[in-house]
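Student: Once you've had a glance at the structure underneath, I'll fire off some questions.
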Amino acid sequence: MFAPEGSHEVIEARYRSNAKAFVKYHEKILAENGSNGHYFGSETTYMDIALFAFITVIRQPNEKAIKDCTDYFSESNAPGLNKVYETVQASSIAAPYVATLK
């Protein structure tokens, strides 16, 4: 990555702060819906798919580049987010995309 010297620490700090806030905010919303693997009701919506895509994209490159950041999106810290991710991943609507990830 091309960036000024010392900026990696700034990027890590910003990632940690944003990841923590993201998880806290979304876990609250998901708990209000019963932590059932969906943001709204019990059917897969655009928001569920958007979260699945977001986590797929944001997790993988950053978990390799930023030490110890996997904990923010772990099952113990983000059970609602993981439930949505797993629900969408297992759904037929995401099957064609999920097949490309393997």
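The values are calculated or read from the model by the stated rules, or taken from the named source; none is laboratory data. Every value quoted in this text rests on a predicted model; they were computed, and no experiment measured them. Note that each Cβ is placed from the backbone with ideal geometry, even for glycine, and that neighbours are counted across all protein chains shown. Side chains are part of the model used for accessible areas, which takes the heavy atoms of the whole protein and leaves out ligands, DNA and RNA. Shrake-Rupley method; radii C 1.70, N 1.55, O 1.52, S 1.80 Å.
Student: When residues of the range 22-34 are filtered for being assigned to a helix (DSSP H, G or I) and surrounded by 11 or more Cβ atoms within 10 Å (Cβ to Cβ), how many remain? So that I can check it myself, show each step before the final result.
Tutor: Taking the range 22-34 first, the residues assigned to a helix (DSSP H, G or I) are 22-32.
Narrowing further to those that are surrounded by 11 or more Cβ atoms within 10 Å (Cβ to Cβ): 22-24, 26-27, 29-31.
The number of residues fulfilling the criteria is 8.
Student: Condition first: modelled with pLDDT of 90 or more, open to solvent by less than 90 Å² (accessible area, probe 1.4 Å) and either touching a strand residue (DSSP E or B) at 6+ places or on another chain (Cβ under 8 Å) or assigned to a helix (DSSP H, G or I) (or both). Now tell me which residues in the range 63-89 satisfy that. Let's see the steps before the verdict.
Tutor: To start, the set of residues in the range 63-89 that are modelled with pLDDT of 90 or more comprises 76-89.
Now drop any that are not open to solvent by less than 90 Å² (accessible area, probe 1.4 Å), which leaves 77-85, 87-89.
Hits for the range 63-89 are Pro79, Gly80, Leu81, Asn82, Lys83, Val84, Tyr85, Thr87, Val88, Gln89.
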